[in-house]
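Q: Following this message is one structure expressed as structure tokens.
The values are calculated or read from the model by the stated rules, or taken from the named source; none is laboratory data. These numbers were taken from a predicted model, which means no experiment stands behind them. Reconstructed Cβ throughout: ideal geometry from the backbone, glycine too, with neighbour counts over all protein chains shown. Accessible surface is based on the protein model in full, side chains and every heavy atom, while ligands, DNA and RNA are left aside. Shrake-Rupley method; radii C 1.70, N 1.55, O 1.52, S 1.80 Å.
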Amino acid sequence: MSGPSDYQPTNPALKWIERRLPIMGLVHSSFVAYPTPRNLNYWWTFGAILSMMLALQILTGVILAMHYTPEATMAFKSVESIVRDVNYGWLLRNMHAAGASMFFLAVYIHMFRGLYYGSYKEPREILWILGVIIYLLMMATGFMGYVLPWGQMSFWGATVITNLFSAVPYFGESIVTLLWGGYSVGNPTLNRFFSLHYLLPFVIAGVVVLHIWALHVAGQNNPAGVEPKTEKDTVPFTPYATIKDLFGTCCFLLFFAWFIFYMPNYLGDADNYIPANPGVTPAHIVPEWYYLPFYAILRSIPNKLAGVVAMFSAILVLAFLPWLDTARTKSSKYRPLAKQFFWVFVLVCVLLGWLGGKPPEGIYVIAGRVLTFCYFAYFLILLPLLSRIEKPRPVPNSIADDVLAKTGSKSTPMVSTVIALAVAGALFAGSARDARAEDHEEAPPSQKWSFAGPIGKFDRGALQRGLKVYKEVCSACHGLSYIAFRNLADAGGPGFSVAQASAFASDYKIKDGPNDQGEMFERPGRPADYFPSPFPNEQAARAANGGALPPDLSLITKARSYERGFPRFIFDFFTQFQEQGPNYVDALLQGFEEKPPAGFALPEGSYYNKYFPGHAIKMPKPLSDGQVTFDDGSPATVAQYAKDVTTFLMWTAEPHMEARKRLGLQVFVFLILFTGLLYFTKKKVWADAH
């Protein structure tokens, strides 16, 4: 696991330690003097990026675990408490949630790089197999972590995926019962998944150590696919590879920060902002984007057991690549046919991911079966066949010759490939978002919101007017259980003073107790109290609303979405469009019509709303002109009420939005400057090496 090292500490204490535990010498030989091929390109930087992402996920995960409650009735609320009440809890949660997607994005690029350049071939078979094991552990860890927020998609995703094990002959039902801790997904399941989700990252870290060890024993592969022969073929790991990895990592952090600070819900699921409800199944149960290709393979086979076997085989076949591809030339740069089929395989994977987000019906099922065949054919037919019939181009005699010949310029340009991968990733995310979005026959019109964009802020007047609309109209049926009265005086909120928030709270009667006589009593509200629910329990709420349960409005603008479609969801990434929820709520409040269209059968006790899924809603039209009078003279119209209360509900869902965007701007300025400095430093360091 080391390279040539002449490390000799000069400090007496370090000499004493080094004689007994030569750890400094090991670090020096492994990460300073270690000989690195001088022709490595930026695709090799993703190894360092993955190490950083693993450390980041473990660090944020440990801190989040300190505040999380793994109990079915409290898990969802504990996650919201982290975001709202823990100092920078929103940052930790965004880093961890978006970090999972960034982790998988980096690992897929790392794997495709290994496939393209033949990094699985002799003598790196063990290195590759350890990488496949890490990938399997990542998939298990990611799935269990996705369950922990205990939202609708978390609960039903856990139900569907764990049920797959029931297809195992003889032992399937026992395995499912063991995973569930009972006869359905519930509190024991959540506890099991939390424990394993906490444990597995440390197991991954252990296997990563073995992976790095195997890398240092076999040596790094390189774009030319030839082994180093002389000192001219290599450079010391530090400073050459170190500065290059630092620059690449900072570029990746810029991309990562875009999600953390400006698009935290782009890769998420609106249904997961609804607490888990075993009695209501989401219209489309879709896993996270990084599982979609394998989910498509699972669904493409009608037999349950065969589908499960195919899904796991699609991953395990990777471990046998060193023996399926026996071509002596490693790099696809010098294998014209292998290079073309590699990019076809990448396209197959992207299309499988796109199909994984579509409903399993009609042409999607047929296409899934065709692409599943293509996926396995690449490994089991094409690679063995190409190993026998393909005539590769001559490879360089040495790495130094490869650098001098600049053969890398004939390959796909790095920038073009990055753009292609970004579009592919957007297709993955967009297909999942489309499948998850509710099927609206008419998309809500987009409104102009003060809080939209990278520097958007809440309109204080709109927040205060929206609060008044909520108090006088919405609070009769809907609660705000995640908002405390003290939050009205928080920075970035409606702009109340502490005294104003206290006075507002005192207008409410809060049920408290028991007192010394063991009786419950009512008292005036205090700033620390939360907005009370209008009903004592769910049954009372349903009884008062024709059997329908009025949702809590704290998260309503994040719990509702609609399909944007291709290619708008790609543009949304660059324009930072995240206002589907506010647009939908605003449209819903204005979408009531006295008479339904001809031919529409409106159920008894329901009202027609052109934006509500199915158009039949139990809630009567809540707003009418002149219903609420504003002190600032704003128009007393339904359109004004709808926009103001939606703005207020966006604040209840994202109370730290302004702080998030403000910190994001500071982080971006720092990262851009730091990345620029690293770039010029890298150019200077590598000037002599080329």
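Q: State the extension gain, in nm to one decimal, for the chain segment bounded by Ser506 and Val685, taking 0.36 nm per residue of separation less the distance between their alpha-carbons.
A: Extra length from Ser506 to Val685 when fully extended: 57.8 nm.
Q: Leaving out same-chain residues fewer than 8 places away, which lysines sit with a Cα under 24 Å from that of Lys333?
A: Lys121, Lys229, Lys232, Lys244, Lys391, Lys406, Lys410
Q: Rounded, prolate or oblate: which fits the stretch 241-322 when a ≥ b ≥ c are the square roots of the eigenvalues of the alpha-carbon gyration tensor, with rounded for a/c under 1.5 and prolate only if a/b beats b/c?
A: It comes out oblate by the Cα gyration axes.
Q: Please arrange Glu361, Glu594, Glu71 by accessible surface area, largest first, computed with a 1.4 Å probe and ligands excluded.
A: Glu594, Glu361, Glu71
Q: Separate question: Between Phe571 and Leu14, what's the calculated FRET efficiency when r is the beta-carbon distance and R0 is 60 Å? Round to 0.05.
A: The value I calculate is 0.60.
Q: Show that you can apply the helix-only estimate: for the chain, add -39,500 (n - 2.57) for every DSSP H stretch of four or more residues, divide by all residues, and state [θ] at 222 nm to the nearest 500.
A: Taken over the chain, the calculation gives -17500 deg cm²/dmol.
Q: Cα-Cα over 26 Å: which of Lys618/Lys661; Lys509/Lys643; Lys621/Lys643?
A: Distance filter (> 26 Å) returns Lys618/Lys661; Lys509/Lys643.
Q: Still on this model: Bin by bin, in steps of 5 Å, what percent of the Cα pairs in the stretch 520-587 do you find, going until the bin that has the longest distance?
A: Once binned at 5 Å, the Cα pair distances of the stretch 520-587 give 3, 12, 15, 14, 15, 12, 9, 8, 7, 2, 1, 0.
Q: If you rank Trp258, Trp150 by how much accessible surface each has, with a 1.4 Å probe, what is the order from largest down?
A: Trp258, Trp150
Q: How are the alpha carbon pair distances in the stretch 460-663 distributed across 5 Å bins from zero to the largest one, expressed in percent?
A: In order of increasing distance, the bins hold 1, 7, 12, 16, 18, 17, 12, 8, 5, 2, 1, 0, 0, 0 percent.
Q: Taking θ as phi - 60°, what are the ³J(HN,Hα) couplings along the stretch 292-297 by the Karplus curve (6.51, -1.76, 1.60), each to the nearest whole Hz, with x for Gly and Pro?
A: Computed from phi, the couplings for the stretch 292-297 are 4, x, 6, 5, 5, 4 Hz.
Q: Right, here's the next one. What are the radius of gyration and Dmax of the chain, computed over its Cα atoms and given in Å?
A: Computed over the Cα atoms of the chain, radius of gyration and Dmax are 28.6, 93 Å.
Q: Let me ask you something else. Taking the radius of gyration and the Kirkwood hydrodynamic radius from Cα positions alone, what is the Rg/Rh ratio for the stretch 550-690, to two decimal places?
A: Looking at the stretch 550-690, the ratio lands at 1.22.
Q: Counting only protein chains, not ligands or nucleic acids, how are Glu519, Glu231, Glu18 ordered by accessible area (probe 1.4 Å), most first?
A: Glu231, Glu519, Glu18
Q: What aspartates and glutamates does Lys330 reach when the alpha-carbon gap must be under 15 Å and sequence neighbours fewer than 8 apart in one chain are set aside?
A: Once the sequence-local aspartates and glutamates are set aside, what remains near Lys330 is Glu122, Glu125, Glu227, Glu390, Asp402.
Q: Using +1 at the Cβ of each Lys and Arg and -1 at the Cβ of each Asp and Glu in the stretch 460-663, identify which of Ala491, Thr646, Ser561 lies farthest towards the dipole's positive end.
A: Value computed over the given set: Ser561.
Q: Still on this model: Need one value: the accessible area of Leu254 in square angstrom, 1.4 angstrom probe, rounded to the nearest 10.
A: 40
Q: With a ≥ b ≥ c the root eigenvalues of the C-alpha gyration tensor of the stretch 79-172, is it rounded (a/c under 1.5), prolate (a/b larger than b/c) or oblate?
A: Taking the square roots of the gyration eigenvalues as a ≥ b ≥ c, the stretch 79-172 is oblate.
Q: Moving on to the next point. Accessible surface of Thr69 in the full protein assembly, 1.4 angstrom probe, to the nearest 10 Å²?
A: Counting only protein heavy atoms, the figure is 40 Å².
Q: Name the residue from Gln220, Gly513, Ile672 whose Cα lies farthest towards the positive end of the charge dipole of the chain, charges +1 on Cβ of Lys and Arg and -1 on Cβ of Asp and Glu.
A: Gln220
Q: A further question follows. So, with a 1.4 angstrom probe, what is the percent of accessible area on the chain that is carbon and sulfur?
A: Reported share for carbon and sulfur atoms: 65 percent.
Q: Per-residue accessible area for Met619 at 1.4 Å probe radius, Å² rounded to 10?
A: 50
Q: In whole Å, what is the distance between the alpha-carbon centres of the stretch 128-198 and the stretch 511-584?
A: Here the answer is 29 Å between Cα centres.
Q: Taking a probe of 1.4 Å, how large is the accessible area per residue of the chain, in Å²?
A: 47
Q: Moving on to the next point. If packing is taken as the average count of other Cβ atoms within 10 Å, what order do 135-141, 631-637 fall into, highest mean first?
A: Put in order of decreasing packing, that is 135-141, 631-637.
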